Amino acid sequence: MKTEMLAMILAGGRGTRLMELTEKAAKPAVHFGGKYRIIDFPLSNCANSKIRYVGVLTQYESIVLNSYVSQASFWGLDGRDKGTFVLNPREKVSGFSLYMGTADAIYQNIDFIDQYEPEYVLILSGDHIYKMDYDHMLDFHKQNNADLTIAGLTVTLEEASRFGIMNTNKDYSIYEFEEKPPVPKNNLASMGIYIFNYDVLRKALIEDAMQDSSHDFGKNIIPNLLNEGKRLFAYPFAGYWKDVGTIDSLWQAHMDLLAQGDPLKLDDENWKIYTEDIPTTPQFIGPNADLKGSSINQGCIVDGTVINSVLFRDVVVEKGAEIINSVIMPESVVEKGAKIKNCIVGEKQLILENEVIGSDDRIELFTSREVK
């Protein structure tokens, strides 16, 4: 069964910097944007780019993510000639082995890739917020007769040391790749989005598996390909992209959605982000409600003040409660007189009557008390 390009989404990370939000679910399953999960973004990008076959590689706390991804109809990735497949570490004749790195995760699923005989393999991270037409990146890859193309984003020099940095010629050919350099030479950062010629990728993975290495794309595969003289190119990306790996960055990404013009443009009919449609009641705005610059989703009952905040589905805000610059995840209840500022409140949390959480000094996460 031949296909031009197959996508593999790496979605097994722990996301420890999101603290309690990832205690029971992998980072790609974390709620985002009022109605989505983070994994909706790469999956929707695949669907909109007309990629027919997608493997999702999961590992850490994968029950929620596996059951969610298996509903391929959410993204229109189900049918006779397309599909989304959950790929967990599995027991083989040689024994059971967890994914030991990003490259090892793909290597352990070579047999899955082989059955589709792809000319190209698209490798994605499952925990970034962005929109991208992968067809345009593939065209760039073909035009440059590349062996590997890496999507790149210009970041500030101050944050460049957090990324793999690509040093390129004027034509965007890569002559050096530095993984999280302490003193970056420039600020063109890898987004963790790769298009490989599959014959090149397959050979590189097999050779890496026989080495004592980190089995990582940034640390091993990419530098090895450069050393071999392969053609590597950086694909410049100019749109919105966010790695929501910390509480601060997750909060900021939600505030970005509320900013004038919304850089992510979630209302774009030509590039929709698809998600689960959970049946619930319409929102109800009570007589005492005061709403300004906020996103209030279905099922919410609001009779308090909500300013510059995102309320997920089925959130209750009682009379006299005040929510400012905050994110309230599904099915949480804010009792009367409570005040919340600069916070992310986790799923199914209870904020008690007249309780005050948050401050002007920092962004806080509240996951201390579940609704009974």
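The values are calculated or read from the model by the stated rules, or taken from the named source; none is laboratory data. These figures come from a predicted structure and were not determined experimentally. Neighbour counts are summed over all protein chains in view; Cβ atoms, including those assigned to glycine, are modelled from backbone coordinates with ideal geometry. With ligands, DNA and RNA removed, areas are computed over all heavy atoms of the protein, side chains included. Shrake-Rupley method; radii C 1.70, N 1.55, O 1.52, S 1.80 Å.
Which of (1) open to solvent by 60 Å² or more (accessible area, probe 1.4 Å); (2) touching a strand residue (DSSP E or B) at 6+ places or on another chain (Cβ under 6 Å); (3) under 26 Å from Tyr130 (Cα atoms) is the odd one out, the single condition Leu311 does not satisfy?
Failed condition: (1).
Out of Arg313, Arg362, Arg369, report the one residue that is closer than 19 Å to Thr280 by Cβ and basic (Lys, Arg).
Working: Arg362 fails: closer than 19 Å to Thr280 by Cβ; Arg369 fails: closer than 19 Å to Thr280 by Cβ.
Unique residue meeting the criteria: Arg313.
Considering only residues that are farther than 17 Å from Phe140 by Cβ, among the hydrophobic types (A, V, I, L, M, F, W, C), outside any helix (DSSP H, G or I) and over 24 Å from the mean Cα position of the chain (by Cα), which ones fall in the stretch 189-234?
Once the filter is applied, which keeps residues that are farther than 17 Å from Phe140 by Cβ, among the hydrophobic types (A, V, I, L, M, F, W, C), outside any helix (DSSP H, G or I) and over 24 Å from the mean Cα position of the chain (by Cα), the stretch 189-234 yields only Met210.
Can you spot a residue in the stretch 115-123 that is under 15 Å from Phe217 (Cα atoms), touching a residue at least 40 places away in the same chain (Cβ under 8 Å) and touching a Cys at 6+ places or on another chain (Cβ under 9 Å)? Spell out how you get there, then give the answer.
Quick first cut of the stretch 115-123, residues under 15 Å from Phe217 (Cα atoms) only: 121-123.
Filter once more, so that each one left must be touching a residue at least 40 places away in the same chain (Cβ under 8 Å): 121-123.
After this cut, where a residue has to be touching a Cys at 6+ places or on another chain (Cβ under 9 Å) as well, the list is 122.
Yes, the stretch 115-123 has at least one match.
Within the set of pairs 6+ apart or on separate chains, which have a first residue in the stretch 1-19 that is touching a residue at least 40 places away in the same chain (Cβ under 8 Å) and within 17 Å of Ile39 (Cα to Cα), a second that is open to solvent by 20 Å² or more (accessible area, probe 1.4 Å) and in a helix (DSSP H, G or I), and C-beta atoms under 8 Å apart?
As it stands, the answer is Leu10/Thr102; Gly15/Leu21, since those pairs meet every condition given.
Check Tyr235, Tyr172 and return the single one that is open to solvent by 10 Å² or more (accessible area, probe 1.4 Å), modelled with pLDDT of 95 or more, closer than 26 Å to Leu266 by Cα and not acidic (Asp, Glu).
Values: Tyr172 fails: closer than 26 Å to Leu266 by Cα.
Of Tyr235, Tyr172, the one residue that is open to solvent by 10 Å² or more (accessible area, probe 1.4 Å), modelled with pLDDT of 95 or more, closer than 26 Å to Leu266 by Cα and not acidic (Asp, Glu) is Tyr235.
Go through the stretch 278-316 residue by residue and tally those that are charged (D, E, K, R), without any contact (Cβ under 8 Å) to a residue 24 or more places away in the chain and in a loop (DSSP other than H, G, I, E, B). Break it down into steps so the answer makes sense when it comes.
Residues of the stretch 278-316 that are charged (D, E, K, R), as a first pass: 290, 292, 303, 313-314.
Now narrow it down to the ones that are without any contact (Cβ under 8 Å) to a residue 24 or more places away in the chain: 290, 292, 303.
Next, only the ones that are in a loop (DSSP other than H, G, I, E, B) stay: 303.
Final tally of qualifying residues: 1.
Report yes if some residue within the stretch 3-11 is modelled with pLDDT under 95, assigned to a loop (DSSP other than H, G, I, E, B) and not charged (D, E, K, R); otherwise report no.
Within the stretch 3-11, one or more residues are modelled with pLDDT under 95, assigned to a loop (DSSP other than H, G, I, E, B) and not charged (D, E, K, R).
Leu264 versus (1) under 27 Å from Asn48 (Cα atoms); (2) aliphatic (A, V, I, L, M); (3) surrounded by 14 or more Cβ atoms within 10 Å (Cβ to Cβ); (4) out of contact with any Phe, Trp or Tyr (no Cβ under 7 Å at 6 or more places or on another chain): which is the lone unmet condition?
Of (1) under 27 Å from Asn48 (Cα atoms); (2) aliphatic (A, V, I, L, M); (3) surrounded by 14 or more Cβ atoms within 10 Å (Cβ to Cβ); (4) out of contact with any Phe, Trp or Tyr (no Cβ under 7 Å at 6 or more places or on another chain), only one is false for Leu264: (4).
Going by what's in this entry, would Thr280 be described as open to solvent by 40 Å² or more (accessible area, probe 1.4 Å), within 17 Å of Val30 (Cβ to Cβ) and either within 21 Å of the chain's Cα centre (by Cα) or of a type in the set (Ser, Thr, Tyr) (or both)? Outline the logic, then answer.
Values: open to solvent by 40 Å² or more (accessible area, probe 1.4 Å): yes; within 17 Å of Val30 (Cβ to Cβ): no; either within 21 Å of the chain's Cα centre (by Cα) or of a type in the set (Ser, Thr, Tyr) (or both): yes.
Considered against the rule, which asks whether it is open to solvent by 40 Å² or more (accessible area, probe 1.4 Å), within 17 Å of Val30 (Cβ to Cβ) and either within 21 Å of the chain's Cα centre (by Cα) or of a type in the set (Ser, Thr, Tyr) (or both), Thr280 comes out as no.
Show the residue pairs that are 6+ apart or on different chains and have beta-carbon atoms under 8 Å apart, the first residue being within the stretch 201-223 and on the phi > 0 side of the Ramachandran plot, the second being assigned to a loop (DSSP other than H, G, I, E, B).
His215/Met100; His215/Gly101
Restricted to the stretch 32-61, and to residues that are open to solvent by 20 Å² or more (accessible area, probe 1.4 Å) and touching a Pro at 6+ places or on another chain (Cβ under 8 Å), which residue is farthest from Ser294 (Cα to Cα)?
Gln59
I need the full set of residues from the stretch 356-371 which are more than 17 Å from Met329 (Cβ to Cβ) and not in a strand (DSSP E or B), in order please.
Kept after step one, since they are more than 17 Å from Met329 (Cβ to Cβ), are these residues of the stretch 356-371: 356, 359-362.
Of everything in the stretch 356-371, those that are more than 17 Å from Met329 (Cβ to Cβ) and not in a strand (DSSP E or B) turn out to be Ser359, Asp360, Asp361, Arg362.
Got a sec? Which of Pro236, Pro223, Pro184 is over 30 Å from Glu4 (Cα atoms), touching a strand residue (DSSP E or B) at 6+ places or on another chain (Cβ under 9 Å) and not polar (S, T, N, Q)? Walk me through how you get there before you give the answer.
On the way: Pro236 fails: over 30 Å from Glu4 (Cα atoms); Pro223 fails: over 30 Å from Glu4 (Cα atoms).
Of Pro236, Pro223, Pro184, the one residue that is over 30 Å from Glu4 (Cα atoms), touching a strand residue (DSSP E or B) at 6+ places or on another chain (Cβ under 9 Å) and not polar (S, T, N, Q) is Pro184.
Just give me the residues in the stretch 332-372 being closer than 19 Å to Ala25 by Cβ, of a type in the set (Val, Ile, Thr), surrounded by fewer than 18 Cβ atoms within 10 Å (Cβ to Cβ) and at pLDDT 95 or above, in sequence order.
Scanning the stretch 332-372 gives a single hit, Thr367.
So in the stretch 141-169, with the set limited to residues that are among the small types (Gly, Ala, Ser) and more than 20 Å from the chain's Cα centre (by Cα), which one is modelled with the highest pLDDT?
Taking the candidates together, the pick is Ala146.
Search the stretch 27-41 for residues that are of a type in the set (A, V, I, L, M, F, W, C) and pair each with any residue that is open to solvent by 10 Å² or more (accessible area, probe 1.4 Å) and assigned to a strand (DSSP E or B) when their beta-carbon atoms are under 9 Å apart and the residues are at least 6 apart or on different chains.
From the stretch 27-41, the pairs are Ala29/Arg37; Val30/Arg37; Ile38/His31; Ile38/His128; Phe41/His128.
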